[in-house]
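Read the figures in this text as sums done on the coordinates, not as results from a lab. Remember, it's a predicted structure, so these values are computed and weren't measured experimentally. FYI the Cβ positions are ideal-geometry reconstructions off the backbone, even for glycines, and counts take in every protein chain you see.
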Amino acid sequence: MIDEIHAARDEALRRVEAAAGVADLDGAESALLGKRSALAALRQRLGALDPDERREAGRALNEARARVEEALAARRSELAAGARADRLEAERLDLTEVVPTRRRGHLHLVTQTRDRLEDVFVGMGFVVAEGPEVETDWYNFEALNMPPAHPARSMWDTLYVDLGPPESTLLRTHTSPVQVRVMQAQSPPIYAVMPGRTYRRDTADASHLPVFHQIEGLVVDRRITFGDLAGTIEAFTNAYFGPDIHTRLRPSYFPFTEPSAEFDITCVFCKGDGCRSCGQVGWLELGGCGMVHPNVFRAVGYDPEEWTGFAFGFGIDRMTASRHGIDDLRELLSNDIRFLEQF
Ligand code: DAH
């Protein structure tokens, strides 16, 4: 009798395991535990046994029934989880937007300009360096020959960061502090360009942005002359704008160079004849430059008797605008796809 009970239990467990779905399992449940089940038939026979055997067989039957019920419950939750996963998969919606177009994105015009400028300078033997946008007063002003309260500091409307002592941390107003960092990090000779984002407390208008981009150049070597500076600027201008665009230097003042100059390029619109874009002068203002001031060399521990150098810096956004005939710098930041797509 005990063997028969175990055989019926094992057979029932196999059925439960083999059930393919919840409906199948419902059918199996009544067949295995109902009135016509093998276990029910065995129970019918208990009455014919003598009392000891009956007790033993009764316990075995109860245990077998409990095992089968347990297996049914486990298999039921397993099948329900599978059914739920299947339903979720079937109901899944693909929300990935597919824009039916062959147009692809591209780099922003200012980034393209920056890349091209870097290429031109790398072709001339320069390396590219970068520095932080959040600077200290020392790098942005003091090391560039502008001690505290130097009147030339007012040439840059500065945005300060609320960090450390008042006015000690700022958003760099030009890329010139990167010159100082490059000189600190290595010894001459140096031939480097340093592009990056710069900040000034300006209200945006057609020709000013509070956040803009500059590229800085620095050469430090022995016996560098103003002629090397003028030649480098002319060579770069020809390479970038083409052979009919030239440069001229006008005397100017920057605290970190002596002598200093501003450099202009032939007006790209009228090629020098004079037009509205250049105010009839035939030239467009591009940037500042000069021979590195001895005090800048001293700030980084270079001997100004031994080393000479020149530096320059100009705005990438304005240069982009003049090359592509953009009459309002704010277009570069408006994120208007109709504008951006043109370049
Ligand atoms: N840093 C200057 C500015 O933002 C531009 C400049 C002038 C950079 C002369 C130079 C330089 O390296 O020699 O207005």
So the angle from the long Cα axis of helix 109-123 to the longest Cα principal axis of the chain, reported in degrees to the nearest 10, equals 60 degrees
Computed about the Cα centre, the charge dipole of segment 109-340 from +1 Lys/Arg and -1 Asp/Glu charges at the Cβ has a magnitude in debye, to the nearest 20, of 240 debye
Semi-axes a, b, c in Å (a largest) for the chain, each sqrt of 5 times a Cα gyration tensor eigenvalue, come to 86, 26, 18
The extension gain from GLU63 to GLN280, computed as 0.36 nm times the residue separation minus the Cα-Cα distance, is 67.5 nm
Two pseudo-spin positions, 7 Å from Cα along C-beta at ASP24 and at ARG223, lie apart in nanometres by 9.4 nm
Among ALA19, LEU32, ALA7, the residue whose Cα sits farthest towards the positive end of the charge dipole of segment 2-91, when +1 is placed on the Cβ of each Lys and Arg and -1 on the Cβ of each Asp and Glu, is LEU32
Per residue, the convex hull enclosing the alpha carbons of segment 13-120 has a volume in Å³ of 184 Å³
Cα-Cα pairs in segment 258-340 separated by more than 22 Å, as a whole percent of all pairs, come to 47 percent
Ranked on Cβ counts within 10 Å of their own Cβ, fewest leading, THR158, THR101 go THR101, THR158
Note: ASP119 to ASP202 extended length (0.36 nm per residue) minus current alpha-carbon separation gives 26.8 nm
Ranked by GNM mean-square fluctuation in the chain (Cα springs under 10 Å), the top entry among PRO151, PRO259, PRO51 is PRO51
Using the Kirkwood radius over Cα pairs of segment 120-176, the Stokes-Einstein translational diffusion coefficient at 10 °C and 1.306 mPa s, in µm²/s and rounded to a whole number, is 125 µm²/s
Full extension between GLU53 and GLU306 adds, at 0.36 nm per residue less the Cα distance, a length in nm of 79.7 nm
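Explain nothing, just the number: dipole magnitude of segment 192-317 about its Cα centre with +1 on each Lys and Arg Cβ and -1 on each Asp and Glu Cβ, in debye rounded to the nearest 20.
My answer is approximately 200 debye.
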Result for the chain, cysteines with no Cys Cβ partner under 4.7 Å, is CYS289
If R0 = 56 Å, then VAL211 and ALA31, at their Cβ-Cβ distance, give a FRET efficiency to the nearest 0.05 of 0.15
Final fewest-first order of PHE314, PHE226 on the 10 Å Cβ neighbour count is PHE226, PHE314
The orientation-averaged projected area of the Cα convex hull of segment 45-97, in nm², is 4.5 nm²
Per principal axis, largest first, the Cα atoms of segment 153-277 extend in Å by 51, 42, 23
Computed ³J(HN,Hα) along segment 133-139: with the Karplus parameters 6.51/-1.76/1.60, θ = phi - 60°, integer Hz and x for glycine or proline, the list is 7, 8, 10, 9, 3, 4, 5
When the charge dipole of the chain is computed with +1 at the Cβ of Lys and Arg and -1 at the Cβ of Asp and Glu, the Cα pointing farthest to the positive end, of VAL220, VAL120, SER252, is that of VAL120
Here the alpha-carbon Rg of segment 101-218 over 2.2 N^0.38 Å rounds to 1.21
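If each DSSP helix of 4+ residues adds -39,500 (n - 2.57) and the sum is divided by the residues in the chain, what number results at 222 nm, nearest 500 deg cm²/dmol? Mind dumping the intermediate values first?
Details: 11 runs with 141 residues, N = 343.
That comes out to -13000 deg cm²/dmol.
To the nearest 20 debye, what is the magnitude of the charge dipole of segment 2-91 about its Cα centre, counting +1 on the Cβ of each Lys and Arg and -1 on the Cβ of each Asp and Glu?
Once rounded to the nearest 20, the dipole reads 320 debye.
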Distance in nm between ARG102 and ARG323 label points, each 7 Å along Cα→Cβ, equals 2.8 nm
